[in-house]
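So the structure is just underneath, and the comments pick up after that.
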């Protein structure tokens, strides 16, 4: 009874104009919902958005993504959505309903798109390729997120981990982590660091009022006597 009341309240909140077009007739059936909300967009045709140049099947609902209009509200938590289907899919987080199962491993999902994206893990399919570097991805979201590394001003990429930087000197400094280089040394105690900010932070630990132990060979100073003794062994080896 609780689910029936919930669906009835949702139907009451849906604009009448959309009920008349038949887009809301799937409220009581998951299969009907998918056949209406998620049917092949090629059968309906696509229009190009003037705002983002993206081709979409439902221009009215797409425009709301640019205007922040969210006429569909979840009756449980009040969260708003620009599309009725997204609201209904969100409602499954409250009911725990996961009607879509992976045909390979049986894992269940609340939305059809999530299940399809997961299914590609088993097939190894990566149909989305970055137009800039050619790297392939299983989902369009991951590909778009990757493309930002080419377009957000971070033109310098680390060849080891692909982390991007806006300046070449920052990238080179980062690369020392992989090369295990420690070019920054403390003039007080001789401790070395990979990055300059680490050295600056370390310098704050030195108290000018504390006694220093000097090396009689090279003049290096240490806060601790045992560190000085370890240092002296370097001279003994040479």
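The values are calculated or read from the model by the stated rules, or taken from the named source; none is laboratory data. Only a predicted model underlies this, so the values are computations on that prediction, with no experimental measurement involved. Cβ sites come from the backbone with ideal geometry, for glycine too, and all protein chains shown count toward neighbours.
Within the group 105, 52, which residue is under 24 Å from residue 139 (Cα atoms), outside any helix (DSSP H, G or I) and modelled with pLDDT under 75?
Unique residue meeting the criteria: 52.
Can you tell which of 79, 46, 70 is more than 15 Å from residue 113 (Cβ to Cβ), touching a strand residue (DSSP E or B) at 6+ places or on another chain (Cβ under 9 Å) and modelled with pLDDT under 75?
Of 79, 46, 70, the one residue that is more than 15 Å from residue 113 (Cβ to Cβ), touching a strand residue (DSSP E or B) at 6+ places or on another chain (Cβ under 9 Å) and modelled with pLDDT under 75 is 46.
Which residues, taken from the stretch 81-101, are in contact with a helix residue (DSSP H, G or I) (Cβ under 8 Å, 6 or more places away or on another chain) and either crowded, with 16+ Cβ neighbours inside 10 Å or outside any loop (DSSP other than H, G, I, E, B) (or both)?
Matches in the stretch 81-101: 81, 82, 83, 84, 85, 87, 88, 91, 95, 100, 101.
Quick check: is even one residue across the stretch 111-124 within 24 Å of the chain's Cα centre (by Cα), touching a residue at least 12 places away in the same chain (Cβ under 8 Å) and farther than 24 Å from residue 145 by Cβ?
no
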